[in-house]
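Visitor: Have a look at this one.
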Amino acid sequence: MALCRALAGAELDAIAAIAETREIAAGMELFREGDPGDGMFLVVSGTIDIVKRGPRGERPLARLGEGAVLGEISLLTNELRSATGRAVSNLGMLYLPAPAFRALLAANSPAALKMVAAIAEVLAHRVATMNAKVLELADRVDPAGSRHAALNDAQLAEMHRAMQVWSF
């Protein structure tokens, strides 16, 4: 898992000690948009769709598989889930509960501190990607500068993928 790449053996053991395994059947929801963000998930096996409600119904944001990390922000904040995660196939997951992770943070655990630094790196990358997308969209203004060209569904889906806003 990318968020643990800087961890030494004993530090990885500290994170593994709070991790729980979860099995989710195909078609079931792992979490629902608006639910409390209570922890982070790592996809060990299977595939999950991430969808978000919009004015015209559900919109797909991403299809994620083995190695994907979901909900890393919930390790640090009490924000609600921003989308729904639904199993496409049977899922094998590792779950890090936020309260246990925050307890490691409060104890100044090197493992937790290194994971927070890795989360900050992921967020910095996402902000840079979003900035580039904003500039790209700004370039779509018509010559008179009065309005933006309309984006079609494929362009909107691509924008969601490029922004990598997968902190559910």
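Visitor: Sort out which residues of the range 4-31 are assigned to a loop (DSSP other than H, G, I, E, B), modelled with pLDDT under 95 and surrounded by 12 or more Cβ atoms within 10 Å (Cβ to Cβ), and write them in order of number.
Guide: Residues satisfying the conditions are ALA6, LEU7.
Visitor: If we keep just the residues of the range 79-116 that are more than 21 Å from ALA2 (Cβ to Cβ) and polar (S, T, N, Q), which is surrounded by the fewest Cβ atoms within 10 Å (Cβ to Cβ)?
Guide: Ranking the qualifying residues of the range 79-116, first place goes to ASN108.
Visitor: Looking at the range 120-127, is at least one residue surrounded by fewer than 14 Cβ atoms within 10 Å (Cβ to Cβ), among the small types (Gly, Ala, Ser) and either more than 30 Å from ALA26 (Cα to Cα) or out of contact with any strand residue (DSSP E or B) (no Cβ under 7 Å at 6 or more places or on another chain) (or both)?
Guide: Yes, because at least one residue in the range 120-127 is surrounded by fewer than 14 Cβ atoms within 10 Å (Cβ to Cβ), among the small types (Gly, Ala, Ser) and either more than 30 Å from ALA26 (Cα to Cα) or out of contact with any strand residue (DSSP E or B) (no Cβ under 7 Å at 6 or more places or on another chain) (or both).
Visitor: Restricting to the range 32-45, name every residue that is over 16 Å from MET93 (Cβ atoms) and either of a type in the set (A, V, I, L, M) or surrounded by 15 or more Cβ atoms within 10 Å (Cβ to Cβ) (or both).
Guide: GLU33
Visitor: Also, I was wondering about something else. Identify the single condition in (1) modelled with pLDDT of 85 or more; (2) farther than 17 Å from MET1 by Cβ; (3) surrounded by 14 or more Cβ atoms within 10 Å (Cβ to Cβ) that LEU76 does not satisfy, given that it satisfies every other one.
Guide: Of the numbered conditions (1) modelled with pLDDT of 85 or more; (2) farther than 17 Å from MET1 by Cβ; (3) surrounded by 14 or more Cβ atoms within 10 Å (Cβ to Cβ), the odd one out for LEU76 is (2).
Visitor: Using beta carbons and a limit of 6 Å, which pairs, at least six apart or on different chains, have the first residue in the range 111-131 and within 14 Å of SER74 (Cα to Cα) and part of a helix (DSSP H, G or I) and the second one at pLDDT 80 or above and of a type outside the set (A, V, I, L, M)?
Guide: Partner pairs satisfying both residue conditions: ILE119/GLU72.
Visitor: If you scan the range 38-64, which residues turn out to be farther than 14 Å from ARG22 by Cβ and either at pLDDT 95 or above or touching a strand residue (DSSP E or B) at 6+ places or on another chain (Cβ under 6 Å) (or both)?
Guide: THR47, ASP49, ILE50, VAL51, LYS52, GLU58, ARG59, PRO60, LEU61, ALA62, ARG63, LEU64
The values are calculated or read from the model by the stated rules, or taken from the named source; none is laboratory data. From a predicted model like this one, the values you see are computed outputs, not experimental measurements. Please note: Cβ atoms are built from the backbone with ideal geometry, for glycine as well, and neighbour counts cover all protein chains shown.
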